[in-house]
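Laboratory data are not the source of any read-out in this text; all were calculated from the coordinates shown. Source: prediction; values computed, not measured. Cβ atoms come from the backbone with ideal geometry, glycine included; neighbour counts cover every protein chain shown.
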Amino acid sequence: MEPQSFSRQVSLCMAMQTIIHCGPISRASISKQTGLSKQTVSELVRILEDEGWVRETGRTSGHVGRTATTYELVPDSAYMAAVDLGGTKLRVAIVDLAGSVAAEVVAPTHPEGGQAVARQIGELVAAAVAEGRIDHAKIRQTVVGCPGVPDQATGAVRYAPNIAGIDGIDFRSAVEAATGTQTLLENDVNLAVLGEQWLGAGQGVDHLAFIALGTGIGAGLIVNGMLLRGATGAAGELGYLPFGADPFEAESLRVGAFERVTATHGIRSAYQEATGRSLTVPAIFDAAATGDAAALAILERVARQLARAVATLGAVIAPTTVILGGSIGARPELIAATKAELVRCFPFPIHVVPSLLGDHAALSGAVAIGLTELHTALFAQSTPGAVVTLPVPKSGLIPSAAE
């Protein structure tokens, strides 16, 4: 890139970022905040307005009676699709450039997995686009959060036993074909920790872990402010911690020794073995609340194992905060029991808190990654030195207290 072009692109990104975060804002205020000359700002704003990214919002009074035109982002000038793919449920949100959710749809995950799930993602994106009355051509990219480890070289997703067939195909290309958009795959718990750092319980925390416990168990890890994926992309696959069950058994190699005793199947199997009755996990929690001895013993064991996992993270990456989420991990009684067990087995303080974003955590992380890449591509063109930060969305990603 030529020096003049490089400088102009950085300046364009600075002006756009200022409008995004401070709009409605006048050209004089943009100049003051960025240090760019008023002439340069006027040229940049004209470019952004001509291309449809910003618009006039009105006029504001100056200090001596003069007025100035103000500008703001045009949120619906481009969109992205954020997808949270789970073993039982598939959630799709269409998000505008300001980070607000324009439409959201949820459906049971297609039981056939593989290509059927890829087609389903395309169908749900189309349904959400129709619901939000959005021009599909404005959907610039799709980010899919999925269980397991996305293989960025082949497009397959490894170690996701709850969704059949996505390990044996180029799943990323299948989703791209189904949606007609460029697609990024990322582990769902990695997205959850990014979502919580952006909008949830981990805001501003540079050493952070998110543990999702439900059908399976996994962790998203942020160290020194950066997402930790590891050499194979499998960092945080807590299900394979070599304790809880015998790690040398074949079943432990398939789903993980730790997951076998802490996740849904392990809890239900333990209760049925103890009582002869088959209950769902929520029913087992309800039974514990009424004093059921078997349920209490099982949940105490799960809390002890979960504390052990938190202590393991504490010994290896030393997070200041660990967020617990998922259908099981977010249960307040389990969080309280885990915190009590943690102080008995680990000497250093770790702040253990519940997720604030709930089932929108991974979706929020998908938006964080997708919008950052989209803003970078549109306004910075991947120029070194051009800094992109995201606004806090006005609606859709942060659950209300009622939810």
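The angle between the Cα long axis of helix 264-275 and the longest principal axis of the Cα atoms of the chain comes to about 20 degrees, rounded to the nearest 10. Net charge near Pro75: determine it from the other residues with C-beta under 12 Å of the C-beta of Pro75, scoring Lys and Arg +1 and Asp and Glu -1. Around Pro75, the charge tally is 0. Normalised by 2.2 N^0.38 Å, where N is the number of residues, the C-alpha radius of gyration of region 201-355 stands at 1.02.
Taking every pair of alpha-carbon atoms in region 3-73, give the share separated by more than 19 Å as a whole percent. That tail contains 26 percent of the Cα-Cα pairs. Annotation: aspartates and glutamates with alpha-carbon distance below 13 angstrom to Lys138 (same-chain offsets under eight excluded): Asp76, Asp96.
By other beta-carbon atoms within 10 Å, ranking Arg172, Arg260 with the fewest at the front produces Arg260, Arg172.
Stokes-Einstein, applied to the Kirkwood radius of the chain over Cα pairs at a viscosity of 1.002 mPa s and 20 °C, places its translational diffusion at 94 µm² s⁻¹. In the chain, taking the dipole from charged Cβ atoms about the Cα centre, the farthest positive-side position among Ala309, Tyr159, Gln120 is held by Ala309. With K and R counted +1 and D and E -1, the other residues having a Cβ less than 9 Å from that of Cys146 yield a net charge of -3. The angle separating the long axis of helix 38-50 from the principal Cα axis of greatest extent in the chain is about 70 degrees. Panel order for Tyr71, Tyr79, Tyr159, by other beta carbons found within 10 Å of each beta carbon, from fewest to most: Tyr159, Tyr71, Tyr79. For Thr142, the residues whose modelled amide H falls within less than 5 Å of its own, excluding neighbours fewer than 5 places apart on the same chain, are Ala81, Gln182, Thr183, Leu184. Other residues with beta-carbon under 11 Å from the beta-carbon of Gly218 carry, at +1 per Lys or Arg and -1 per Asp or Glu, a net charge of -3. When Leu253, Leu342 are sorted by how many other C-beta atoms sit within 10 angstrom of their C-beta, beginning with the fewest, the order is Leu253, Leu342. Using only Cα atoms, find the angle between the long axis of helix 361-375 and the longest principal axis of the chain, and express it within 0 to 90 degrees, rounded to the nearest 10. Approximately 30 degrees, to the nearest ten.
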